[in-house]
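Report on the following structure.
Derivation of every value follows stated rules applied to the coordinates shown; laboratory data play no part. Keep in mind that what you see is a predicted model, and the values were worked out from it rather than measured. Methodologically, a virtual Cβ is constructed for each residue, glycine included, from the backbone with ideal geometry; neighbour enumeration extends over all protein chains shown.
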């Protein structure tokens, strides 16, 4: 009796150790993960005159990364993620234009806090709902923020935007330059910090719980996981990150208009993420970069053509490549490996 | 008539006309979403398509306004069938997200296509004489076009109500909305039923699109611009409920019109505030099942 007990205890320990090993191994840095950062640094030296565009790409990556946390990992489908981007953008914009607070880095913190707060409050109310109801509620939240801004256009500047924003030099020393070099490096560093943070989250037990909620809410409820609290937590974090992306957007462009709250903005970030692949961190990098470069190229040729192209791309992704570009690469790699084996 | 009452009558009348437009355009979306749980963000594209058909028929081919409306609805209803058969059908069992992406992709493609052929400038339609000017109802005059909209809406409500509640096909649709599996197991061909309601819904959307030209002007971006309104009507009314869609259209139509009359600056705020309040209290909408 005693023997079999200790035997099962060691079996249990072994299983637990395997689980811990699995969780730990996910944390480990893989060499391929350096690739996007090397590409970003290489881009800095290869296209020095396109760095203003480069920082827009980095901001899009950050925004898509925040959506990946809630859509890709927790499975929350929202049509109003632009709300938090907009709150961040207007936090630094209004602070600089109306309060004379134009220090950029503290501005980012303020944006993160306010956007996070908005995420906490709206998430606490909205994340009880699912499906169409949730889609409509998130969409309505973003539009109501936009309408509020429009209502007080004496403060927000309305659709004409906030005029003549200027920000202090970074760390009191690196000023804005014509080619956007300073802001590219700034955006890259901020993205790096945020990425490290997001990576920690998704590979932690908390991240595992989120994936569990995405895969089977009922079972998570059944095993006693505090589903609502976890969803609200991740929604708040994602909102804060989207807020930082929005703040960087205002700082790099030195202007902001109410169009940041547009439905188009929410839809665009979702398209980027889907294009790259959801629930895999680097999907945001690939998707946002591919989308921004294509948009930059094709919309110059013809905006109508670009709109048709993006529509077609969405249809094709849903029909043939549901796991995005990275998913396609993975499948191609897998089928190659299969062919090599025999 | 005293000033306040005059405004109240105007708000009610315009709100009613607006509600009829919302109802006609959204009812098909509600029924198809209730039947299949399919989130169709391309519904506005069918409405926009109908609107442009009406523009072409009246302007280029010289067909009358009312016959054009009927031809456009039938044509769009027919066009929607292959979309349902070959694209939508593949995604009935997919997640909300995939349905959202596919249909918004279709909406973008349709906007680009119509921009290519018709350009981005708002289009109008020539109206027959009896739809221009005012109609006098004894105590005061109302714009004829809005009165026409209310009459058309009321007639459609009567027809749809009869079809839904009193015919065999209507009974089958209600059964399938309530419990799809049960309906299938008693021998109802839900797939075919769905194709039929999808075509009907798209046709009605096209009719709504045609009727909307005079109210808002028609540009290709109509497909996305007003889509949010249709979705709100559906969500607030409750999926698959005729009664709910009508009630939601009335409430939102009147509230929106009142908001725009009384507080012009607040613009679209009211309709969204009402939506949020209703959905927070009744997540499945007025007549949806929780």
In degrees rounded to 10, the 0-90 angle between helix A:282-301 Cα long axis and the longest Cα principal axis of chain A is 40
Rule-of-thumb Rg ratio for the range B:156-290 [Cα; 2.2 N^0.38 Å; N residues]: 1.19
To the nearest Å, what is the center-to-center distance of the range A:132-157 and the range B:1-45, using C-alpha atoms only? 21
Rounded to whole Å and sorted largest first, list the principal axis extents of the Cα atoms in the range A:140-286. 55, 37, 28
So how far apart, in nm, are the two label points at residue A:189 and residue A:259 if each is 7 Å from Cα heading toward Cβ? 3.1
In degrees, nearest 10, the alpha-carbon axis of helix A:227-253 is tilted away from the dominant principal axis of the alpha carbons of chain A by 30
Residue A:23 label point, 7 Å along Cα→Cβ, cut-off 20 Å on backbone N: hits in the range A:207-227? A:207-217, A:219-227
Explain nothing, just the number: relative contact order of the range B:3-281, from Cα pairs under 8 Å at least 6 residues apart, as a whole percent. 41
Could you give the Stokes-Einstein D for the range B:3-281 in µm² per second, using the C-alpha Kirkwood radius, 37 °C, 0.692 mPa s? 170
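List B:191, A:160, B:14 from most exposed to least, where exposure is judged by having the fewest other Cβ atoms within 10 Å.
A:160, B:191, B:14
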Rel. contact order, % - alpha carbon contacts under 8 angstrom, at least six apart, the range B:1-95: 21
Under the helix-only model (-39500 (n - 2.57) for each DSSP H run of 4 or more, divided by the residues of the protein assembly as shown), the mean residue ellipticity at 222 nm, to 500 deg cm²/dmol, is -25000 deg cm²/dmol
For the range B:81-138 and the range A:194-234, compute the distance between their C-alpha centroids and round to whole Å. 39
Given Cα pairs under 8 Å that are at least 6 residues apart, what percent is the relative contact order of chain A? 30
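Quick one: in the range B:140-230, what % of C-alpha pairs are over 24 Å apart?
That tail contains 40 percent of the Cα-Cα pairs.
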Whole-number D in µm² s⁻¹ for the range A:33-300, Kirkwood Cα-pair radius fed into Stokes-Einstein, 37 °C, 0.692 mPa s: 176
What's the average, rounded to a whole number, of partner chain beta-carbon atoms within 10 Å of each residue's beta-carbon in B:109-116? 5
Output the peptides B:137-144, B:225-232 sorted from most to least packed, where packing is the average of other Cβ atoms within 10 Å over each peptide's residues. B:225-232, B:137-144
Can you pull the Kirkwood radius for the range A:261-342, inverse mean 1/r over Cα pairs, to one decimal in Å? 13.7
Along its principal axes, what span do the Cα atoms of the range B:26-83 show, with the longest given first and each in whole Å? 40, 17, 16
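Evaluate E = 1/(1 + (r/R0)^6) for residue B:86 and residue A:312, where r is the Cβ-Cβ distance and R0 equals 25 Å; express this FRET efficiency to the nearest 0.05. Show your work: numbers first, answer last.
On the way: r = 15 Å, r/R0 = 0.61.
Between residue B:86 and residue A:312 the formula returns 0.95.
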How far is helix B:168-178 tilted off the main Cα axis of chain B, in degrees rounded to 10, range 0 to 90? 70
Semi-axis lengths, Å, the protein assembly as shown, gyration tensor of Cα atoms, sqrt of 5 times eigenvalues: 44, 32, 24
Hey, how many Å between the Cα centroid of the range A:297-320 and the Cα centroid of the range A:96-127? 33
Apply the Kirkwood formula to the range A:205-342: the hydrodynamic radius equals the inverse of the mean of 1/r over all pairs of different alpha-carbon atoms; give it in Å with one decimal. 17.8
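Ranking A:206, B:255 by Cβ neighbours within 10 Å, fewest first, what do you get? Spell out each step's value before the answer.
Details: A:206 15, B:255 18.
So the residues, fewest neighbours to most, are A:206, B:255.
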